[in-house]
Amino acid sequence: MFEYALKGNKRYWAWLLILTGIIAAGFYSYLHQLNYGLGITGMSRNVSWGIYIAQFTFIVGIAASAVMVVLPYYLHNYKAFSKTTILGEFLAIPSVIMCMLFVFADLGQPSRVVNIFLYPTLHSIMFWDVVSLSGYLILNVIITRVTLSAEHNSIAPPKWIRPIIILSIPWAISIHTVTAFLFSGLAGRPFWLTAILAPRFLASAFSAGPSLLVIFCLILKRLTSFDAGENAIKKLGVIITYAMCANIFFILMEIFTAFYSGIPDHVSHFQYLYTGIDGNVKLVPWMWVSAIFSIISLILLLTPKLRNNNKIFFFTCLIIFLSIWIDKGLGLVITGFIPTAFGKVIEYSPTFTELSISAGIWAFGLFLITIFYKIALSIKNSTSSVMIKEVTTVNV
Amino acid sequence: MYDSGKIITGLIIFVGLFTAPVWYNLIEGKAAMNKPSLSLPNNENQNECVAGTETMIADHMIILNTWRNDVVRNGKRNYYNQNHKIFEMSLTKTCFNCHTNKSHFCDQCHNYAGVNPYCFGCHNVPQNLENK
Amino acid sequence: MNKGRRKFIKLAGLAAFGIATEQIVSSKAQSKATEIISNRGRQTKKSLNSASAAKVRLAMVVDLRKCVSQNGCTKCIDSCNKEHNVPDFGETKDEVKWIWKEPYEGAFMDQENLYMKDQLKDKMVPVFCNNCDNPPCVEVCPTQATYKRDDGIVMMDWHRCIGCRYCMAACPYGSRSFNWRDPRQFIKEVNPNFPTRTKGVVEKCEFCAERIDNGLPPACVEACSAKALVFGNINDPDSEVRKLLKDNFSVRRKPGLGTGPEIYYLV
């Protein structure tokens with residue numbers, strides 16, 4: 001089926017070429033980092049996790065969000081999502097690969113990464129994170145391969161794929177919960193030590209992921225003959241609305257507990273984010289942009305006329321994606337370290353090498369998404385005229 | 001066959017790349033083409049090595065890895081060899097005590113075999129200390 | 001390819017996978033079991049009263065009344081850095097420190113007091129890795145590169161560390177440093193008897209495990225001319241550390257987090 005990715009128009013190849021350039025630049029920067037050490041990034045003794053882990057945390061959410069289209073379609077027979085499930089699953093695979101690449105780029109001794117498997121440590125959440133991400137990748141590869149090749153051959157998928165698809169639903173929830181546990185179990189970091197971190201992660205994932213899916217669907221509608229269907233887009237709009245309401249509600253809950261209790265250890269991190277401390281204000285403009293974007297998006301989402309207008313909805317999804325990218329990426333991981341365990345404020349800003357490597361990994365993810373979507377769309381277009389028996393007609 | 005031009009060109013390039021290590025070394029006349037000549041310690045103190053020559057050649061990494069786990073993870077620091085002689089399990093303090101010149105001893109075989117053990121990045125070699 | 005060959009290759013691949021897995025699992029199962037169990041052993045009131053109290057549990061007492069760090073004394077820090085080849089990068093971003101001085105309100109963040117007694121107000125407190133009894137860093141390390149020894153010391157295995165820095169995120173005391181670059185050029189005077197580290201691994205104070213195994217006290221304890229550092233087995237009721245704790249008021253850093261830090265400060 002990969003041969004479908006080799007046929008494309010000039011725009012397709014130009015896009016892939018640009019991405020390849022960014023990937024090559026990122027790889028070159030990574031060689032620099034391997035040579036010099038992680039000191040080439042902006043990370044320091046005090047802020048020991050930076051944008052690599054921040055991107056990892058954000059993208060795990062995107063990977064998990066495929067469940068938002070898989071669940072209605074396979075558990076509740078919601079036919080409108082018939083065309084989007086493959087797009088969701090094909091978004092999950094490059095996302096998980098991007099996550100793994102970001103963690104790999106962040107390791108001080110990457111050649112020893114196999115140690116995680118040679119010396120499994122059952123009490124370490126990072127071990128379970130690796131296990132659940134690897135499992136999710138394998139699940140999605142199997143699911144997409146089997147369902148797509150069945151569609152390619154115009155037959156129904158084999159019955160055994162259904163329990164595997166059902167398994168991917170709780171598994172998707174688990175990958176992002178485990179990632180939240182990485183942070184929320186640490187007694188020494190009061191900013192992360194909150195039970196609501198996992199629900200926050202899931203709510204923001206289910207807003208940002210489907211938003212990205214909608215962006216892709218609308219772009220594909222413009223550039224190709226693929227149409228996900230108005231019902232699918234509208235339903236995704238409803239899902240994103242509920243998820244965004246939950247997300248903003250959870251953030252406000254956090255802010256209330258911190259400021260009302262007034263405990264300095266807890267308040268100081270939020271102060272750093274929204275007002276800055278002692279003139280250290282690097283993240284303040286970012287956080288306010290994120291806040292304003294979420295409020296605007298909430299208004300646009302809660303107004304049915306604006307939500308159902310695809311042009312405006314595209315813009316809404318874009319600002320949701322950016323808002324959550326800032327909040328989860330910059331505002332969560334880095335702020336856990338600021339102020340430090342000694343109460344000092346030591347700021348962090350990424351260096352050029354760091355940004356180049358991150359851009360390279362994002363470009364690699366987009367590259368894979370482009371190729372996978374090309375394959376999926378080519379197969380769907382060539383078989384769209386054929387009636388195939390749905391695998392979902394069995395009762396739940 | 002179809003596309004014979006492309007296939008044969010591709011095959012030639014592939015074989016060329018595959019055998020690159022061989023003809024690269026031939027052209028460059030690298031040290032890897034010379035058999036290693038080890039300079040052994042002069043042994044005036046009649047000190048014996050941890051194990052016999054054949055064993056050391058074949059298994060020195062296994063011995064070192066066992067030592068590593070015993071010292072770091074199990075807190076044991078004394079090693080009794082076949083002749084019941086006691087040694088401290090330390091690369092720097094025991095092995096390099098006699099084999100003081102890395103480039104005339106260790107590097108000889110390592111360069112020939114094309115391996116680059118990263119042990120020396122942390123474990124101090126007497127030679128390097130002199131150069132500091 | 002006819003069905004027979006396909007089936008054979010599938011079976012062969014499965015068999016090879018099965019054999020490989022079995023080899024790995026059986027060789028690792030033994031070491032895995034003992035490592036998983038031993039990492040979680042920690043002291044509780046119950047265990048202290050039982051026979052296991054005969055076990056050694058190393059701890060340190062820092063007598064802040066005797067410590068003269070505010071006069072600029074850095075003997076403990078210098079001896080540790082020299083003994084363990086701790087590099088000096090000259091800037092705080094990449095710095096590696098095993099012992100250093102913090103102002104009192106930074107070292108004891110949960111002891112906010114505007115009217116602290118004068119001797120403590122400007123005190124610079126030497127801080128180390130607390131070698132906790134219930135170490136959060138050991139709990140989160142994905143490869144057991146940091147682990148608790150039987151005598152209580154939280155060790156680092158620099159051969160196994162993958163440099164993920166999860167332990168640094170988990171430590172509530174900021175005790176751990178990462179080698180952001182190759183440290184070798186930044187070591188003033190190399191001690192040949194202790195390895196340097198390479199870039200990409202985390203390091204910290206280990207209570208001089210290698211000196212203790214040879215019957216010596218930790219380097220800082222030996223170097224302190226004010227005799228402010230006392231080290232010993234806290235499970236032994238006759239040890240000097242226990243006597244000091246019996247007769248003097250002591251505080252620990254962030255004890256409320258349940259980490260069980262084993263460095264006691266006499267104030």
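The values are calculated or read from the model by the stated rules, or taken from the named source; none is laboratory data. Source: prediction; values computed, not measured. Positions of Cβ are generated from backbone atoms using ideal geometry, with glycine treated the same way; all protein chains shown enter the neighbour counts. What goes into the accessible areas is simple: the full protein's heavy atoms, side chains included, and nothing from ligands, DNA or RNA. Shrake-Rupley method; radii C 1.70, N 1.55, O 1.52, S 1.80 Å.
Could you give me the percent of Cα pairs per 10 Å distance bin for chain A, shortest bin first, beginning at zero and ending with the bin that holds the maximum distance?
Bin by bin from 0 Å, the calculated values are 5, 22, 32, 26, 12, 3, 0.
Calculate the mean, over all residues of peptide B:68-79, of how many other protein chain Cβ atoms lie within 10 angstrom of the residue's Cβ.
4
Say the cut-off is 19 Å between C-alpha atoms; which of C:Lys148/C:Lys243; C:Lys101/C:Lys227; A:Lys374/C:Lys10; A:Lys79/A:Lys305; C:Lys75/C:Lys246; A:Lys344/C:Lys101 go over it?
Going by Cα-Cα distance, C:Lys148/C:Lys243; A:Lys374/C:Lys10; A:Lys79/A:Lys305; C:Lys75/C:Lys246 fall outside the 19 Å limit.
Compute, for B:Lys6, the solvent-accessible surface of its heavy atoms (probe 1.4 Å) with the complete set of protein chains present, and express it in square angstrom to the nearest 10.
150 Å²
To the nearest 20 Debye, how big is the dipole of chain C about its Cα centre, given +1 on the beta carbon of each Lys and Arg and -1 on that of each Asp and Glu?
1360 debye
In square nanometres, what is one fourth of the surface area of the convex hull spanned by the alpha carbons of chain C?
Average of the hull's projected areas for chain C equals 20.3 nm².
Once you put a point 7 Å from the Cα of C:Leu244 and another 7 Å from the Cα of A:Ser154, both along the Cβ direction, what distance in nm separates them?
It is 8.5 nm.
Once you have all Cα-Cα distances for chain B, histogram them in 10 Å bins from zero and send the whole-percent values.
Calculated P(r), rounded to whole percents: 10, 31, 26, 14, 10, 6, 3, 0.
Could you rank C:Arg5, A:Arg222 by how accessible they are, 1.4 Å probe, largest area first?
A:Arg222, C:Arg5
Among DSSP bridges having both ends in the protein assembly as shown, what percentage is antiparallel? Round to the nearest 5.
That works out to approximately 85 percent antiparallel.
Write down the accessible area per residue of chain A in Å², having rolled a 1.4 Å probe over the full set of protein chains.
Ligands and nucleic acids excluded, the figure is 41 Å² per residue.
If we sort C:167-175, A:236-244, C:11-19 on the protection proxy, mean other Cβ atoms within 10 Å, highest first, what's the order?
Highest to lowest by the protection proxy: C:167-175, A:236-244, C:11-19.
By the scheme Lys and Arg +1, Asp and Glu -1, what is the net charge of all other residues having a beta-carbon under 9 Å from that of C:Ala226?
Counting the neighbours of C:Ala226, the net charge comes to +2.
Roughly how many Å² of A:His152 are accessible to a 1.4 Å probe, to the nearest 10?
Accessible surface of A:His152 is approximately 60 Å².
Across peptide A:334-343, what mean number of C-beta atoms from other chains lies inside 10 Å of a residue's C-beta?
Taking all residues of A:334-343 together, the mean is 3.
What is the mean number of Cβ atoms from other protein chains located within 10 Å of the Cβ atom of each residue in peptide C:191-203, rounded to a whole number?
Per residue, the number of nearby Cβ atoms from other chains is 5 on average.
What fraction of the DSSP beta bridges in the range C:57-266 is antiparallel, stated in percent and rounded to the nearest 5?
80 percent
Over the alpha-carbon set of the protein assembly as shown, work out the extent along each principal axis and list the three values in angstrom, largest first.
Result, largest extent first: 87, 76, 49 Å.
Putting +1 on Lys and Arg Cβ atoms and -1 on Asp and Glu Cβ atoms, find which of A:Phe226, A:Leu107, A:Thr121 reaches farthest to the positive end of the dipole of chain A.
Ranked along the dipole, the leading option is A:Phe226.
Ignoring ligands, DNA and RNA, what percent of the accessible area of chain C is carbon or sulfur (1.4 Å)?
56 percent
In Å², rounded to the nearest 100, what is the total accessible surface buried by chains C and B against each other with a 1.4 Å probe?
1700 Å²
With every protein chain left in place and a probe of 1.4 Å, what is the accessible surface of A:Ile155, to the nearest 10 Å²?
The accessible area comes out at roughly 90 Å².
Give the list, by residue number, of cysteines in chain C with no other Cys Cβ closer than 4.7 Å, or say none.
C:Cys67, C:Cys73, C:Cys80, C:Cys132, C:Cys141, C:Cys161, C:Cys164, C:Cys171, C:Cys208, C:Cys224
Using just the helices of chain A, give the 222 nm mean residue ellipticity in deg cm²/dmol: DSSP H runs with n ≥ 4 each add -39,500 (n - 2.57), and the total is spread over all residues, rounded to 500.
Here the helix-only value at 222 nm equals -23000 deg cm²/dmol.
When the dipole is taken about the Cα centre of the protein assembly as shown, and only Lys, Arg (+1) and Asp, Glu (-1) are charged at their Cβ, what size is it in debye, to the nearest 20?
Charge dipole, the protein assembly as shown, about its Cα centre: 2220 debye, nearest 20.
Suppose accessible area is computed on protein heavy atoms with a 1.4 Å probe; arrange C:Glu240, B:Glu48, B:Glu54 from highest to lowest.
Accessible-area ranking of C:Glu240, B:Glu48, B:Glu54, largest first: B:Glu54, C:Glu240, B:Glu48.
Show the residues, 5+ positions off or on another chain, whose built amide H is closer than 5 Å to the amide H of A:Ile277.
When sequence neighbours closer than 5 places are left aside, there are no close amide H contacts.
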